[in-house]
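Here is the structure we will look at.
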Amino acid sequence: MRVHLIGVSGTGMGALAALLVEAGDEVSGSDVAFDPPVGPALRSLGVRCMVGYDASHLEPRPALVVVGNAIRRDNPEALAAERIDIARTSMSRTLRDRFLARRRPLIVAGTHGKTTTSAMCAWLLWRAGVEPGWFIGGVPRGLPASAAIGSTRVRLDRGRAPFVVEGDEYDAVYWHKQPKFLDYVGVAADDVAIVTNVEHDHVDIYPDAPSYESAFRAFVGSVPEAGLVVCDAHDARAREIVSMESRARVAWYALERDDTGGVTPTWLAAPAAPLPDGSQAFDLFAGGVACGRYSLRLPGRHNVRNAMAAVVACAEGFRVGERDLRAHLASFEGVKRRQELLGEPGGVHLYDDFAHHPTAVDETLRALRSRHPEGALWAAFEPRSATACRALHQDAYARAFDAADHVLLAPLGRPNVPEGERLDLERLARTLGAKARVMPGVDAIVRDVVRLARPGDTVVLLSNGTFGGIHPRLLAELAHPAV
């Protein structure tokens, strides 16, 4: 079947294109650009990539057009597909109809930690020989790709093979404005769902916390009675939503000394001190019984929470044994753009991270501080998402940079946000004090970091976008500073 994807260069749409190619379809796609890593990956798969949007891209006529959620209804290709009556669908619906059917979905939802937790689940199941499929909104290290079909066999010892899918609460497509994760749940009678946490985000489509939480209420309530919901008992909003809405059995997890609001978690982790190589160890308990010491290459308590969610889902949902879980978790390498060490030019530890919400910024900085306790910690932050560019989290950002010694604030990535709703960078810098400065652009950030960072310092670039191409520039200029 010939399938055309409008907006194919997004992480999710690119992963879907890879699945369609693996399934034997002839795939084409259009987008405004085909930047790395998605663009080159698509071309290597044989996807016909067309720059820009034009009705002629629908020639020869495809059997199906998949419209990305970033595409507007006035897109020339979307209009043409509707006019000449080509079957249209969304990314999430395609995933449900083509790849989740005849599987047992494991849907990972939550405001923070979805990508890492999804990658952990896929890694643990894959290494344990369960033959999972997966669909991850990032580039996981160690796995062959961001997406894979997996097995469609029904095994006598395990039943249907799992399919791990990162469940995004953003809307599906312009004619179907419901959260994508609602297309993933209810496929099987025994779905497994993870809820990592719930904190107001995506203010462009969820104007307030109740509207945002309503999406998660619908998601949790859609998990069938014979299914399983795995939830962090420490997160108050997730705890309340799951307690009120879940028809399925709930497996609660937490860290030692967490406030769990009266809920008794079955699974408990007791984090140990970070190891000399920066990795994180923790002791695991299930039902009060010690399960041994586990280790993670990724630093930070938030990554212990991600690991707990993955371990509980794989153990309770798919009967993966303790020995496999411990061994394979220790070899999990992480996901690109999540505390990704780009290099150590000039003796400076240079990291890239997707964090942009204040909670994610805070957790990332604390984790890197624990990994690199010596030297100064520099945070260069580009507020780019619809939430980050707005004043909604003005006060929260003032606390998010506590672990950093130097904070460089780049211009807002969305200048079209109304002035009265914008994040006030000058006010934020004043609140943070002498360690923070508002920078005019990427050139100034590069200049100051190269001039002032010293060997042993750590620099982290925080953005959910390209940050103006700053990454290769800093790698090059820190390695060979101009005299």
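The values are calculated or read from the model by the stated rules, or taken from the named source; none is laboratory data. Fair warning: this is a prediction, and the values are worked out from it, not measured in the lab. Glycine gets a Cβ as well: all are built from the backbone with ideal geometry, and neighbour counts include every protein chain shown. Keep in mind that these areas ignore ligands, DNA and RNA; they rest on the heavy atoms of the full protein, side chains included. Shrake-Rupley method; radii C 1.70, N 1.55, O 1.52, S 1.80 Å.
Cross-link partners of Lys177 among aspartates and glutamates, defined as those whose alpha carbon lies under 19 angstrom from its own and excluding same-chain residues fewer than eight positions apart: Asp74, Glu82, Asp97, Glu166, Asp168, Glu169, Asp201, Asp204, Asp208, Glu213. Straight-distance candidates among the lysines for linking to Lys180, with alpha-carbon spacing under 21 Å and chain neighbours fewer than 8 residues away dropped: Lys114. Among the GluC sites (Glu not before Pro) in the stretch 365-428, those placed in a DSSP loop whose Cβ has at most 16 other Cβ atoms within 10 Å are Glu374. The stretch between Arg160 and Ala386 holds 77.5 nm of extra length on full extension. This uses 0.36 nm per residue minus the Cα-Cα distance. From most to least packed by mean Cβ count within 10 Å, the peptides 228-234, 119-125, 93-99 give 119-125, 228-234, 93-99. Rg and Dmax of the stretch 381-450, both derived from C-alpha coordinates alone, stand at 11.7, 35 Å. Of all DSSP beta bridges confined to the stretch 103-172, the antiparallel ones make up roughly 35%.
Percent of Cα-Cα pairs more than 20 Å apart in the stretch 348-483, please. Intermediate results must be reported in sequence, preceding the final value.
Details: 3707 of 9180 pairs.
Pairs farther apart than 20 Å: 40 percent.
Can you say what percent of the DSSP beta bridges in the chain, counting only those with both residues inside, are antiparallel? Round to 5. So the antiparallel bridges in the chain amount to around 30 percent. Report note on the peptides 135-148, 188-201: ranked by the mean count of other C-beta atoms within 10 Å, highest first, their order is 188-201, 135-148. With contacts taken as Cα pairs under 8 Å and at least 6 residues apart, the stretch 102-158 reaches a relative contact order of 27 percent.
Before I look further, what does the chain give for accessible area per residue, probe 1.4 Å, in whole square angstrom? Provide the component values of the computation, followed by the final result.
Working: 19300 Å² over 483 residues.
Result: 40 Å² per residue.
Translational diffusion of the chain was estimated from the Stokes-Einstein equation, with Rh taken as the Kirkwood radius over Cα pairs; at 20 °C and 1.002 mPa s the coefficient is 92 µm²/s.
Using alpha-carbon pairs under 8 Å, 6+ residues apart, how would you state the relative contact order of the chain in percent?
Details: 1047 pairs, mean separation 52.0, N = 483.
Over the chain, the number comes to 11 percent.
Which of the peptides 352-362, 321-331 is most tightly packed, and how do the rest follow, judged by the mean count of other Cβ atoms within 10 Å per residue? Don't skip to the answer; put the middle values down first.
Details: 352-362: 22.0, 321-331: 15.5.
Output ranking for 352-362, 321-331: 352-362, 321-331.
Taking only protein heavy atoms and a 1.4 Å probe, the accessible area of the stretch 232-304 is 52% carbon and sulfur. With the cut-off at 15 Å, report for the stretch 217-292 the share of all Cα pairs above it, as a whole percent. Every Cα pair in the stretch 217-292 considered, those over 15 Å come to 59 percent.
Evaluate the stretch 283-397: find the radius of gyration of its Cα atoms, find its Kirkwood radius, and give the ratio Rg to Rh. Don't skip to the end; give the middle numbers.
Working: Rg = 17.0 Å, Rh = 16.3 Å.
Taking Rh as the inverse mean 1/r over Cα pairs, Rg/Rh reads 1.04.
With 0.36 nm allotted per residue and the present C-alpha distance subtracted, the Asp424-Ala281 stretch has 47.6 nm of extension available. Extending 7 Å from the Cα toward the beta-carbon at both Ser331 and Met1 defines two label points whose distance is 3.6 nm. Taking the DSSP bridge list for the stretch 243-385 and keeping only pairs wholly inside it, about 85 percent are antiparallel.
Pairs of Cα atoms nearer than 8 Å and 6+ residues apart set the relative contact order; for the stretch 1-145 it is 22 percent.
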